Structure formats: C-alpha cells, structure tokens
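Colleague: My structure is below; once you've seen it, I'll send some questions.
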Amino acid sequence: MRKLIIFSLITLTGIGFIGRLLYLQVIDDSYALRSRNNAVKIQYNYPQRGYLFDRNGELLVANQPAYDVMAIPRNIQKFDTTAFANLLSLKPKQLLGRLDKAKIYSPRLPSVILPQLSKEEYAFIQEKMWKFKGFYIQKRSLRDYQVNSSANVFGYISEVNKAEANSKPNYQAGELIGRSGVEKQYEDLLRGKKGVKYIQKDRFNRDIGPYEDGKYDRLPEMGKDITLTLDIDLQKYGEKLMKGKRGGIVALEPETGEILSLITAPSYDPSLLVGRERSENFTELWYDTISKPLFDRGLQAMYPPGSPFKTVTGLIALQENVIDTTDEISCNHGFYYGRSAHMACHNHPTPLSLTPAIAYSCNSFFAKTYREIINKFETPQEGVTAWRKHLLSFGLGDYLGYDLPVGQPGRIPSADYYNRAYNYPKYHWYASATLSNGIGQGEIATTPIQLANMTAAIANRGWFFKPHILKKIEDRPIENEKYTTKQKTTVDPKHFKPIVEGMNQVYKYGTARFLQIPDVDICGKTGTSENYTKINGERKQLTDHSIFIAFAPKDDPKIALAVFVENGRWGSRYAGRIASLMIEKYIKKKITRTDMEDWILNHDLQDEYAKPLSGEPFKINQ
C-alpha cells in the first residue's frame with residue numbers, strides 16, 4: 001500500500017511538471033516575450049480617466065494633458081548631470097537621488113524622474129531630450145476640475161509608490177490611483193486600461209521598429225464615464241451657505257436614496273491636489289488640525305442628534321403601544337427624575353400630546369415617553385435591546401452601506417454597553433440612568449448622513465433606499481440590488497402620520513415658525529446638541545451645535561436633509577435657516593427670502609471657533 005502511494009505521488013508530480021512545461025512553451029507566449037526583453041523596450045500609453053457628470057448632465061471633472069520625464073536605469077548612458085538637472089529645474093543631488101531610487105525599484109522598468117510637466121515645460125524640455133539616452137517623456141492625463149466645489153465627493157488621485165507597486169500587480173510606480181471619494185470608490189471603472197508598445201532594439205540599443213510587427217501591442221482603453229447623483233447647483237449653494245462655518249449637510253432624494261448634496265465645511269478647491277504642487281498642498285491641508293478640510297464631516301463626524309431624535313422616540317413608543325396620539329403629558333419647564341436630576345425645557349403650552357410635543361420640542365414629553373418604552377419590559381436590558389432594534393432599522397448605529405469609502409458607524413448604545421458602564425450585576429441600572437437617550441443626548445451619536453437617511457425614512461413613512469452617489473455608468477443606470485432594494489423599518493406605516501404632522505407643525509406654530517417657505521409644505525425638526533470637550537483632562541462644555549432635519553413637500557417628498565453647524569447655538573439659528581434655503585433652492589430653483597439668505601451669508605462663526613471655551617450657559621434642546 002505504501003509503495004502504491006509513493007508511486008502515485010511521483011506520477012502525479014511528473015504529470016504536473018510536464019503539463020506546466022507544455023503550457024509555458026506551447027500555449028503561453030508571454031514568457032517568450034520576457035526572455036527577449038534585453039532587446040525589447042516597453043512603452044506604456046496611459047488612458048484618460050473617465051469623466052464625472054452631475055445628475056443633470058453637467059460636466060464636473062474632465063482631463064488635461066501632462067507629461068512625465070521617465071528613465072529606464074539600465075539604458076542610461078553617461079550624461080552631463082548638471083546640465084540635465086538644470087534642464088529639469090532640479091538640483092544635481094535631487095536628480096541623482098531619484099535615479100538611485102529608480103535603480104532600486106527596477107533597472108529594467110521605467111520610473112518617473114520628474115512628474116507632471118506643463119505643456120510649456122514639455123515643449124522646452126522635449127527639444128533637448130535626445131542628448132540624454134535612457135530618458136524619455138511620457139504623456140499622461142491629470143484631472144481638470146470644471147467646478148471649485150465638491151472636493152470631498154470627488155476625492156483625489158496621486159501616484160502609486162514603490163511599495164504599492166509591489167503589492168498591486170496591475171500598477172507600476174508612478175501610475176495614478178484614486179485615493180479618496182468617488183475616485184477611490186470607482187477606481188476600477190474610472191481608470192481604464194493602459195496601452196502598451198513593444199519596440200525592437202538593435203545591438204547598439206537603437207529603436208528599429210515594432211517588435212513582432214506589433215503582435216503584442218495594445219491600445220489604451222479610456223475609463224468609463226460616470227454620472228453622479230449630485231445636483232451640482234445645490235451642492236455649490238450649500239457650500240456657499242456654509243462659508244465661515246464648520247459642519248456638514250447631507251441631502252437625499254427620498255424616493256431613490258440618491259445623494260443630492262454632500263457637504264463638509266470647511267472644504268478646499270479640488271484643483272489644489274493636481275499637478276506638481278499637489279504634495280505641498282496636501283501636506284498643508286493634512287496638518288490643518290483645527291479646521292480639518294480633509295475630514296468629511298458629512299460622513300465621518302459623529303454628533304449627538306439632539307431633538308430631531310424625538311421623532312423616532314415617538315415612533316418607537318407608538319409601535320410598542322406605550323402611548324397613543326391622545327395621551328397628554330404635563331411639562332413644568334422641565335422634568336425631574338431620580339433623586340435630584342432635572343431635564344430643563346423651555347416655555348410652551350402644557351399639557352401636550354404627541355403632535356404638539358414634536359412641534360414645541362418638549363423634553364419632558366419625550367423623556368417620560370422613553371422611560372415608558374424601557375419600563376414596558378421586565379428588565380431595562382430587555383427594554384434597551386428592543387429600543388435599539390427599532391433604531392437600527394432606520395440605519396442608525398451602524399455603517400449605512402453607501403458607496404463612498406469613508407464613514408463612521410455612529411453609536412446606539414446596547415444593553416451590554418450599559419452593563420459594562422455600570423458594572424452590572426454588581427450595580428443595577430434602570431431607565432432613569434439612560435433617560436437622555438429619549439431626547440437624542442446621552443450616549444447616542446449619529447453622522448449627518450445617518451440623520452438624513454432617518455429623515456428620508458420618515459418622509460417615506462417607514463422605508464428607505466440605501467444612500468448612494470453613483471447614478472449611471474456611461475448611459476446605463478445602476479443595477480446594484482444593494483441600492484435598489486427597499487429597507488423597511490420595524491415601525492408600522494400607520495404610526496408615521498402623527499409624527500409627520502408634528503414636523504409640519506414645527507413650521508406652522510412651533511420652533512421653526514419663522515422659517516416657512518412660501519408655497520412649499522415643509523416638515524422639519526430643530527435640534528440643539530450639547531457640545532463637550534476635554535481640556536487638561538477636565539470635561540468642559542462648549543457652545544452647543546445647531547441641528548436641523550427636514551423634508552419637503554410634506555406629501556410626495558422630493559428632498560430630505562440634515563444640517564449640522566458646529567457651535568451654532570440652537571437649531572433654528574443656523575441649521576434651520578440653511579435647511580430651509582437649501583429646500584427652496586432645490587424645489588423652486590430660486591430664493592425668494594433674500595433677507596434670510598443675506599443673514600446666513602453675512603454671519604459666520606470664526607470668532608466662536610477662536611474661543612477656547614464658549615462661556616455660554618447651557619442651552620436647552622429645541
């Protein structure tokens with residue numbers, strides 16, 4: 001038996017070797033080509049990247065020609081280092097250093113010595129390149145931005161380094177690759193396929209024509225054009241409104257989940273990351289740790305959602321049948337709980353039922369309602385678990401699965417989270433320990449895109465499509481089931497009517513009554529989010545964030561959005577005005593309330609951001 005096994009192994013090994021040799025010598029001729037590479041020069045022809053368009057067909061990102069000075073180290077003949085360095089506007093030491101790196105990378109493969117010459121530089125240098133054997137100029141294309149906005153959406157491209165080239169078989173050092181945003185997410189579509197030419201050389205290393213009559217040559221294939229869901233007019237307008245402020249805006253089309261605008265402030269002109277100044281500009285942006293222009297607040301910043309969260313608190317309470325639309329709760333400027341805890345509330349009529357509680361943003365109503373949700377179950381752990389399950393169905397507390405490469409999961413605390421925090425079972429905790437959750441404070445954190453998606457789910461009365469930025473590839477609409485499958489919440493559609501009505505009343509007589517849009521029936525919710533930081537290890541309160549969610553029209557909604565303005569004080573002061581203007585711009589295509597627009601454009605928060613501490617008193621949620 002043992003002899004049979006050994007014989008079988010030897011036989012199988014022999015068959016494997018014979019098969020591999022047959023494949024290499026008869027079928028696969030690529031190794032034959034490689035064996036002749038001493039007499040063949042390889043030249044790559046890089047394709048243009050695909051264009052980017054907005055949802056209305058406006059060109060956003062095109063290409064412009066650029067030229068790289070390349071070198072194949074083994075082909076370099078003795079040359080005047082100083083003269084060539086001067087020609088390239090380099091110091092001789094710089095040139096020699098780059099040549100050393102090229103040799104380390106590969107003596108046979110081309111390396112970039114000087115990237116991204118302009119047309120004028122190319123014309124000047126090209127005339128003298130014949131003097132320097134082993135060097136040549138290679139044409140490529142760089143991005144040409146048609147707009148000076150949306151840098152965080154587009155992302156940027158940069159060169160593949162040596163280490164990356166070793167780990168990415170389809171790339172060579174010096175090639176361009178998407179690093180962030182759409183450029184990174186859809187690199188495979190946008191990149192295209194590079195062409196290649198094999199040129200025969202004689203024994204004097206001179207080009208004598210195509211190798212094998214061009215049998216192995218391949219033309220480049222341009223990358224695919226992409227249409228984004230973005231409305232560039234709305235995007236530019238939102239960035240204009242956010243000038244001098246920090247925060248994020250995300251606007252969605254509720255019917256499709258398409259991202260209409262994705263704004264982070266402050267941002268930067270995308271053209272700064274093109275050309276030879278790219279590295280220096282990127283370094284400056286990267287080390288700006290105060291305003292963080294490379295940090296996409298719309299996708300990555302996590303804030304307490306504040307009072308907009310009261311909408312889902314009400315929905316969960318209706319679904320769990322702990323309140324109905326007629327139940328009234330009294331509010332005497334706040335809610336006392338525990339032994340001495342007090343949750344402040346501002347002046348409004350009392351008692352209140354659910355719809356006016358939304359309109360007036362009553363903290364007492366939703367704190368008590370949250371307590372009823374948790375106390376419905378035998379243990380607070382079961383209550384928090386049920387509460388959290390509902391919230392996850394709205395896309396909160398986890399990555400939404402959108403088609404952009406960065407993000408944060410937010411935080412919807414679980415029962416285990418509180419068990420660890422309170423050292424359970426040694427110490428027990430109850431609903432009152434987590435009461436701030438009911439009004440969107442406490443341990444809850446959301447990103448602007450999550451809050452916009454939650455708003456879209458409310459606008460749709462219980463369902464949403466996952467947000468996405470890709471609309472079409474060439475002329476073909478996306479067919480990815482991930483973005484065309486309805487996501488249903490755990491709350492029955494019948495429960496959304498009183499919440500939507502309350503959000504509508506926010507504009508009629510509630511906390512945003514001065515933000516109404518003529519001839520547009522709008523639903524919204526103001527919010528003020530507590531803002532803390534640590535200074536020298538001590539927790540300090542800064543000026544509150546201004547938050548607003550809205551959708552419009554009330555029936556058959558066309559836009560849903562969330563606006564966060566850091567240190568903006570209360571919800572209707574900055575975020576509410578911006579949301580209202582954004583909706584009017586999108587639906588009516590013009591602004592009729594120019595006084596409101598002027599106020600936003602002429603007010604910024606730079607003085608606020610310059611303060612180490614706000615010194616402002618606590619602001620109650622709105």
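The values are calculated or read from the model by the stated rules, or taken from the named source; none is laboratory data. Nothing here was measured: the structure is a model prediction, and the numbers come from that model. Positions of Cβ are backbone-derived with ideal geometry, glycine not excepted, and every protein chain shown enters the neighbour counts.
Colleague: Report yes if ASP403 is in a loop (DSSP other than H, G, I, E, B) and either surrounded by 18 or more Cβ atoms within 10 Å (Cβ to Cβ) or modelled with pLDDT of 95 or more (or both), otherwise no.
Modeller: The answer is yes for ASP403.
Rundown of residues vs (1) under 20 Å from THR350 (Cα atoms); (2) under 26 Å from the mean Cα position of the chain (by Cα); (3) small (Gly, Ala, Ser), yes/no style:
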{"residue": "TRP286", "(1), (2), (3)": "no, yes, no"}
{"residue": "LEU294", "(1), (2), (3)": "no, yes, no"}
{"residue": "TYR303", "(1), (2), (3)": "no, yes, no"}
{"residue": "PHE309", "(1), (2), (3)": "no, yes, no"}
{"residue": "THR313", "(1), (2), (3)": "yes, no, no"}
{"residue": "GLN319", "(1), (2), (3)": "no, no, no"}
{"residue": "ASP327", "(1), (2), (3)": "yes, no, no"}
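To keep it simple, each residue is scored yes or no on (1) farther than 21 Å from THR485 by Cβ; (2) over 17 Å from the mean Cα position of the chain (by Cα).
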{"position": "THR229", "(1), (2)": "no, no"}
{"position": "ILE232", "(1), (2)": "yes, no"}
{"position": "GLN235", "(1), (2)": "yes, no"}
{"position": "GLY244", "(1), (2)": "yes, yes"}
{"position": "ALA251", "(1), (2)": "yes, no"}
{"position": "PRO254", "(1), (2)": "no, yes"}
{"position": "ILE259", "(1), (2)": "no, no"}
{"position": "LEU262", "(1), (2)": "yes, no"}
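Colleague: What about THR446, is it surrounded by fewer than 21 Cβ atoms within 10 Å (Cβ to Cβ) and of a type outside the set (D, E, K, R)?
Modeller: no
Colleague: Now, a different point. Exactly one condition in (1) more than 29 Å from the chain's Cα centre (by Cα); (2) on the phi > 0 side of the Ramachandran plot; (3) without any contact (Cβ under 8 Å) to a residue 40 or more places away in the chain is not met by ASP519; state its number.
Modeller: (3)
Colleague: Residue pairs, Cβ under 8 Å, 6 or more apart or interchain, first in the range 400-422 and under 17 Å from GLY442 (Cα atoms) and in the same structural domain as VAL312 (by TED's automatic domain parsing), second aromatic (Phe, Trp, Tyr) and surrounded by fewer than 16 Cβ atoms within 10 Å (Cβ to Cβ). List them.
Modeller: The qualifying pairs are PRO409/TYR399; TYR418/TYR424.
Colleague: Report whether or not ARG573 is touching an Asp or Glu at 6+ places or on another chain (Cβ under 7 Å), assigned to a loop (DSSP other than H, G, I, E, B), surrounded by fewer than 24 Cβ atoms within 10 Å (Cβ to Cβ) and modelled with pLDDT under 90.
Modeller: Considered against the rule, which asks whether it is touching an Asp or Glu at 6+ places or on another chain (Cβ under 7 Å), assigned to a loop (DSSP other than H, G, I, E, B), surrounded by fewer than 24 Cβ atoms within 10 Å (Cβ to Cβ) and modelled with pLDDT under 90, ARG573 comes out as no.
Colleague: Have a look at SER364, SER353 and point out the one that is in contact (Cβ under 8 Å) with a residue 24 or more places away in the chain, of a type in the set (S, T, N, Q), over 16 Å from THR511 (Cβ atoms) and not assigned by TED's automatic domain parsing to the domain that holds ALA151.
Modeller: Going through SER364, SER353 in turn, just one is in contact (Cβ under 8 Å) with a residue 24 or more places away in the chain, of a type in the set (S, T, N, Q), over 16 Å from THR511 (Cβ atoms) and not assigned by TED's automatic domain parsing to the domain that holds ALA151: SER353.
Colleague: Continuing with this model, one more query. Across the range 379-399, which residue is nearest to GLY462 (Cα to Cα) among those that are free of Cβ contacts under 8 Å to residues at least 60 places away in the same chain and of a type in the set (Gly, Ala, Ser)?
Modeller: GLY397
Colleague: Could you run through the range 461-520 and say how many residues are part of a loop (DSSP other than H, G, I, E, B), among the aliphatic types (A, V, I, L, M) and out of contact with any Ser or Thr (no Cβ under 7 Å at 6 or more places or on another chain)?
Modeller: Qualifying residue count, the range 461-520: 2.
Colleague: Of (1) within 17 Å of GLY298 (Cβ to Cβ); (2) under 18 Å from the mean Cα position of the chain (by Cα), GLY397 satisfies all except one. Which?
Modeller: (1)
Colleague: Here's something else I'd like to know. Check ASN56, ASN86 and return the single one that is loosely packed, with under 14 Cβ neighbours inside 10 Å and either among the β-branched types (Val, Ile, Thr) or in a loop (DSSP other than H, G, I, E, B) (or both).
Modeller: Residue meeting the stated conditions: ASN56.
Colleague: Taking the condition of being within 23 Å of LYS194 (Cα to Cα) and loosely packed, with under 15 Cβ neighbours inside 10 Å, how many residues in the range 107-125 meet it?
Modeller: Counting residues in the range 107-125 that are within 23 Å of LYS194 (Cα to Cα) and loosely packed, with under 15 Cβ neighbours inside 10 Å gives 4.
Colleague: Just for the range 246-258: of the residues that are at pLDDT 95 or above and part of a loop (DSSP other than H, G, I, E, B), which one is surrounded by the fewest Cβ atoms within 10 Å (Cβ to Cβ)?
Modeller: Per the criteria, the residue is GLU255.
Colleague: Can you confirm whether the range 526-533 contains a residue that is at pLDDT 90 or above and assigned to a strand (DSSP E or B)?
Modeller: There is at least one residue in the range 526-533 that is at pLDDT 90 or above and assigned to a strand (DSSP E or B).
Colleague: Can you pull out the helices (runs of 4 or more DSSP H) entirely within the range 290-361 that have at least 2 residues that are of a type in the set (Asp, Glu) and buried (at least 17 other Cβ atoms within 10 Å of the Cβ)?
Modeller: Because the criterion is at least 2 residues that are of a type in the set (Asp, Glu) and buried (at least 17 other Cβ atoms within 10 Å of the Cβ), no helices (runs of 4 or more DSSP H) in the range 290-361 meet it.
Colleague: Also: Pull out all pairs, ordered by first then second residue, where Cβ-Cβ is under 6 Å, the residues are six or more apart or on different chains, the first lies in the range 230-242 and is among the small types (Gly, Ala, Ser), and the second is assigned to a helix (DSSP H, G or I) and modelled with pLDDT of 95 or more.
Modeller: GLY238/MET582
Colleague: Then there is this: Do we have THR455 as within 16 Å of THR311 (Cα to Cα), at pLDDT 95 or above and of a type in the set (S, T, N, Q) here?
Modeller: Yes, satisfied.
Colleague: A follow-up question, please. Looking at LYS486, LYS482, LYS525, which is the one that is under 27 Å from the mean Cα position of the chain (by Cα) and either buried (at least 19 other Cβ atoms within 10 Å of the Cβ) or in the same structural domain as GLY223 (by TED's automatic domain parsing) (or both)?
Modeller: LYS525
Colleague: While we're looking at this one, here's another question. Kindly indicate whether GLY438 is in contact (Cβ under 8 Å) with a residue 24 or more places away in the chain, under 25 Å from LYS525 (Cβ atoms), touching a Ser or Thr at 6+ places or on another chain (Cβ under 6 Å) and outside any helix (DSSP H, G or I).
Modeller: no
Colleague: A further question on this structure: Kindly indicate which of ILE578, ILE547, ILE591 is crowded, with 24+ Cβ neighbours inside 10 Å and not in a helix (DSSP H, G or I).
Modeller: Criteria check complete, one pass: ILE547.
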